[in-house]
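The values are calculated or read from the model by the stated rules, or taken from the named source; none is laboratory data. Small disclaimer: the values here were computed from a predicted structure and weren't measured. Counting neighbours? That spans all protein chains shown, and the Cβs are built from the backbone with ideal geometry, glycine included.
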């Protein structure tokens, strides 16, 4: 018996998935969600502005974003309000991109793919706009070069002579050197130091916090004679 056999061979052209690189994929994520704190002189301990900045921290970056410890945005997206202004949190896709980048050896990529640098306000610029009143500690607090963390309360009398409503308030270290040693601090309004030396919470400086701007036709009442307590964690 004679028969013919036909053999079909299918050839498919396959394209390898594009490699995840810093310049093309990771840098835009860091610009959007990390660099406001991770830049020279700001609150974070290291800069993530460039590949040279970020590469030594690649594994640490992956660990922090996978655990959702960074960026510090602890909103449960499965409960209640899910959309916020200025939300710096990473999507699942962002986290997967960073993980793939680290798993691939954290390659730089093509320098031509690098996005334009993000522009930031100077550290001495107020995010709430030019303030009408600036309250400062009467003298700098000197932190020893070596030693444990310090928790310090410093009471300041701004000399308020009349009641006022504050429509915006921001707290921050006074200069670039102070940013390096201030972990966070709160300000409290103290109306009667003898009766209530701690006072009522007013504002805070902390990781990712840039001030409070209250809605139109609203504000925070500051009574005449009120003092401000600076509670510093250094």
So which of 45, 72, 40 is loosely packed, with under 11 Cβ neighbours inside 10 Å, out of contact with any helix residue (DSSP H, G or I) (no Cβ under 7 Å at 6 or more places or on another chain) and within 30 Å of residue 174 (Cβ to Cβ)?
45
In region 14-43, anything touching a residue at least 60 places away in the same chain (Cβ under 8 Å) and not in a helix (DSSP H, G or I) is listed as 19, 20, 21, 35, 36, 37, 39, 41, 42, 43
Scanning region 149-175 for residues that are part of a loop (DSSP other than H, G, I, E, B), within 22 Å of the chain's Cα centre (by Cα) and surrounded by 14 or more Cβ atoms within 10 Å (Cβ to Cβ) gives 170, 171, 172, 173
For region 106-120, state whether one or more residues are within 26 Å of the chain's Cα centre (by Cα), surrounded by 11 or more Cβ atoms within 10 Å (Cβ to Cβ), touching a residue at least 40 places away in the same chain (Cβ under 8 Å) and not in a loop (DSSP other than H, G, I, E, B).
yes
The condition from (1) closer than 22 Å to residue 47 by Cβ; (2) in a helix (DSSP H, G or I); (3) over 22 Å from the mean Cα position of the chain (by Cα) that residue 100 misses is numbered (1)
Considering only region 176-198, state which residues are out of contact with any strand residue (DSSP E or B) (no Cβ under 8 Å at 6 or more places or on another chain) and either part of a strand (DSSP E or B) or under 19 Å from residue 47 (Cα atoms) (or both).
176, 177, 178, 179, 180, 181
So, residue 56, is that one outside any loop (DSSP other than H, G, I, E, B), outside the structural domain of residue 186 (by TED's automatic domain parsing) and either over 17 Å from residue 31 (Cα atoms) or at pLDDT below 95 (or both) or not?
yes
If you take the residues of region 75-97 that are surrounded by 15 or more Cβ atoms within 10 Å (Cβ to Cβ) and either within 14 Å of the chain's Cα centre (by Cα) or not assigned by TED's automatic domain parsing to the domain that holds residue 28 (or both), which of them is nearest to residue 21 (Cα to Cα)?
90
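Residues checked against (1) surrounded by fewer than 14 Cβ atoms within 10 Å (Cβ to Cβ); (2) farther than 20 Å from residue 38 by Cβ; (3) without any contact (Cβ under 8 Å) to a residue 60 or more places away in the chain:
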| position | (1), (2), (3) |
| --- | --- |
| 184 | no, no, yes |
| 188 | no, yes, yes |
| 203 | no, yes, yes |
| 210 | no, no, no |
| 215 | yes, yes, yes |
| 223 | yes, yes, no |
List the pairs whose first member sits in region 136-152 and is without any contact (Cβ under 8 Å) to a residue 40 or more places away in the chain, whose second member is surrounded by 11 or more Cβ atoms within 10 Å (Cβ to Cβ) and in a loop (DSSP other than H, G, I, E, B), and whose Cβ atoms are under 8 Å apart, counting only residues at least 6 apart or on separate chains?
136/174; 140/174
